1. Just checking, how many residues over segment 63-90 are in contact (Cβ under 8 Å) with a residue 40 or more places away in the chain, out of contact with any Pro (no Cβ under 8 Å at 6 or more places or on another chain) and not basic (Lys, Arg)?
2. Could you tell me which residue of segment 32-43 is nearest to the chain's Cα centre (by Cα), considering only residues that are surrounded by 14 or more Cβ atoms within 10 Å (Cβ to Cβ) and touching a residue at least 40 places away in the same chain (Cβ under 8 Å)?
3. Collect the residues in segment 44-84 that are closer than 17 Å to residue 23 by Cβ and not in a strand (DSSP E or B), keeping them in residue-number order.
4. With touching a His at 6+ places or on another chain (Cβ under 8 Å) and either modelled with pLDDT under 85 or surrounded by 10 or more Cβ atoms within 10 Å (Cβ to Cβ) (or both) as the only criterion, which of 48, 84 stands out?
Amino acid sequence: MAEDDEVGFDPREEVVDDDLVVLVGADGATLECVVLEIVEHGGRTYAVLTPRHELDDEGDLLVATYEEDEDGRARFGPLDDESVLADLQELVGRMMGLAPDDDDGVVGAIAPGES
């Protein structure tokens with residue numbers, strides 16, 4: 001897990017099955033994503049993801065709450081706190097080496113109903 005002062009994505013890393021998750025929206029639509037990083041912030045754990053089809057295109061990033069259930073399965077949830085999202089946008093921007101005002105790699109939260 002990356003801490004606030006240990007940041008950095010390595011785009012050379014190979015995607016393995018453990019990095020892939022399928023998010024399911026409230027409407028039943030699915031989106032296959034790659035988990036890029038698990039980060040801690042403010043005592044909670046979050047996942048930074050990108051849609052798999054955008055992985056090579058420098059696509060947008062998503063942030064979700066992250067927990068593991070009693071069987072060790074990952075559980076993702078919506079992030080609805082705007083101040084936490086702003087903090088995580090800054091953190092992820094540093095991970096990606098972006099300037100604070102750079103719009104590339106826009107980070108958004110997964111919407112309620114997606115998991």
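The values are calculated or read from the model by the stated rules, or taken from the named source; none is laboratory data. This structure is a prediction, so every number in the text was calculated from the model and none was measured. We place every Cβ from the backbone using ideal geometry, glycine too, and count neighbours over all the protein chains shown.
1. Going through segment 63-90 one residue at a time, the tally reaches 6.
2. 37
3. Matches in segment 44-84: 52, 53, 54, 55, 59, 60, 69, 73, 78, 79, 80.
4. None of the other options fit; the residue is 84.
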